[in-house]
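Following: one structure in structure tokens, then a few remarks.
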Amino acid sequence: MKNSLNAVPPTHEGHPNELERNADESQAAYLARAGTVLTKIFAAKHGGMLFDPANTHEEEYSPEEMGLIAHAIQEAGKETPTSATPDNTAAIETIRESIGVQNKNPKDEPGFDQTRRDRGFFGSGEGSGRHRHETYWTTLFFPYRTKSTLAFAKTILEGRTVVLLGGGGARLGEEMRQAHNINPASVLNIDPFVSQPAEGSDPVVSMSAADVRLVEKMRTTPGFKGVSEVWAVFSVPAYLQNPEDIKALFKNIDALLDAEGGHARIWPIEVQSSGTETEVEARKTALIEALRELDACGNYEISPFRTTASPGFTLRKLQKHDSSL
């Protein structure tokens with residue numbers, strides 16, 4: 001890591017070792033655990049159960065607390081282990097127990113326009129509404145937004161191709177380049193409910209992320225290269241009605257992630273609530289079956305996490321995959 005990310009070892013009384021990264025711990029798994037540890041440490045001083053790290057400004061932390069955050073980022077920057085395929089059994093069970101339901105059921109573009117469609121990447125946390133702090137960074141990566149975490153974001157996303165699933169009117173590429181000096185190779189948005197993308201928004205591929213023709217379509221999309229990041233925030237699989245579409249979604253994610261070390265990050269863990277209890281359970285079953293199929297291929301580490309009080313999970317590709325892309 002660069003010197004700007006260096007930090008002294010954590011010294012908080014009672015937590016001398018909790019922020020050390022384990023030798024076999026991946027970056028995604030460590031970030032999830034470290035975020036939880038930091039929140040536990042900080043909550044007593046910053047509002048207890050009401051403490052919201054994603055909506056707390058950097059100047060509100062003490063120098064010691066800033067040192068703990070920076071140390072966690074330094075640990076996260078260590079080389080990710082490439083050991084044997086991990087046992088994902090417990091992770092999948094955690095996800096199974098965490099599946100919630102999405103009660104909104106929009107069916108067309110006007111319906112989706114009533115949901116939040118302008119979520120930022122890092123953002124300021126300003127504005128109104130309880131979801132104002134739910135940026136792509138705080139929901140998918142790490143709940144803390146400081147100079148050290150932003151510098152870390154640059155190291156892991158610079159030059160990468162990012163694909164959003166259901167990104168709406170996202171302008172992540174513009175924000176990353178202009179506001180944060182992060183230069184991804186490209187940011188593409190797969191969303192069938194954006195008919196007229198606004199100027200400056202991320203280029204849209206107007207197709208469902210579960211469409212069996214998606215991979216073929218992506219081959220011909222300008223700006224498409226090997227994908228190393230796939231992000232879904234309050235999108236799929238939560239709005240998919242058909243269990244088979246949920247399975248198709250993860251097959252598409254697998255095909256898109258052609259780079260060793262690539263990540264798919266999904267938050268929150270939800271399925272559509274419409275229909276009968278049997279139909280809802282079928283969607284939950286399809287989600288878990290899709291993850292078990294990915295696990296069976298031996299190419300993924302699955303890491304559950306929890307940010308802004310909701311669960312999510314990360315898929316990390318462990319080895320090069322034979323893809324036709």
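Quick check: is even one residue across region 83-90 outside any loop (DSSP other than H, G, I, E, B) and either out of contact with any helix residue (DSSP H, G or I) (no Cβ under 6 Å at 6 or more places or on another chain) or surrounded by 15 or more Cβ atoms within 10 Å (Cβ to Cβ) (or both)? Among the residues of region 83-90, at least one is outside any loop (DSSP other than H, G, I, E, B) and either out of contact with any helix residue (DSSP H, G or I) (no Cβ under 6 Å at 6 or more places or on another chain) or surrounded by 15 or more Cβ atoms within 10 Å (Cβ to Cβ) (or both), which makes the answer yes.
Flag: A179 does not match the condition of being under 18 Å from the mean Cα position of the chain (by Cα), not acidic (D, E) and not in a loop (DSSP other than H, G, I, E, B).
Just so you know, in region 63-98 the residues that are modelled with pLDDT of 95 or more and hydroxyl-bearing (S, T, Y) include one that is farthest from T36 (Cα to Cα), and it is T89. Restricting attention to region 54-84, which residues are closer than 11 Å to Y144 by Cα and touching a strand residue (DSSP E or B) at 6+ places or on another chain (Cβ under 9 Å)? Listed by number, the list holds a single entry, A54. In region 184-197, the condition of being more than 19 Å from I253 (Cβ to Cβ), modelled with pLDDT of 95 or more, in the same structural domain as P268 (by TED's automatic domain parsing) and of a type in the set (S, T, N, Q) is met by no residue. Looking for something among the basic types (K, R), over 19 Å from S228 (Cβ atoms) and buried (at least 23 other Cβ atoms within 10 Å of the Cβ) - is there at least one such residue anywhere in region 147-156? Looking for residues that are among the basic types (K, R), over 19 Å from S228 (Cβ atoms) and buried (at least 23 other Cβ atoms within 10 Å of the Cβ), one finds none in region 147-156, hence no. Residue-level check: of (1) within 22 Å of L257 (Cα to Cα); (2) part of a loop (DSSP other than H, G, I, E, B); (3) β-branched (V, I, T); (4) touching a strand residue (DSSP E or B) at 6+ places or on another chain (Cβ under 6 Å), V212 misses just (4). Selection of region 286-308 for residues being closer than 27 Å to T135 by Cα and assigned to a loop (DSSP other than H, G, I, E, B) yields only T308.
Of these, A209, A170, which one is of a type in the set (A, V, I, L, M) and more than 22 Å from K317 (Cβ to Cβ)? Unique residue meeting the criteria: A170. On the stretch given as region 1-41, residues that are hydroxyl-bearing (S, T, Y) and either modelled with pLDDT of 90 or more or within 23 Å of the chain's Cα centre (by Cα) (or both) total 4. Taking (1) in a strand (DSSP E or B); (2) touching a Phe, Trp or Tyr at 6+ places or on another chain (Cβ under 6 Å) in turn, M218 satisfies each apart from (1). Within region 242-262, being over 17 Å from R96 (Cα atoms) and either among the charged types (D, E, K, R) or at pLDDT below 95 (or both) holds for E244, D245, K251, D254, A255, L256, L257, D258, A259, E260, G261, G262. Exactly one residue among V162, V215, V227, V194 is surrounded by 23 or more Cβ atoms within 10 Å (Cβ to Cβ), β-branched (V, I, T) and farther than 19 Å from A28 by Cβ, and that residue is V194. Criterion applied to V271, V280, V236 was being under 26 Å from K107 (Cα atoms), in contact (Cβ under 8 Å) with a residue 60 or more places away in the chain, part of a loop (DSSP other than H, G, I, E, B) and among the β-branched types (V, I, T), and the one residue passing it is V236.
The values are calculated or read from the model by the stated rules, or taken from the named source; none is laboratory data. All values reported here derive from a predicted model rather than from experimental measurement. In this analysis, Cβ positions are derived from the backbone assuming ideal geometry, glycine residues included, and neighbour counts consider all displayed protein chains.
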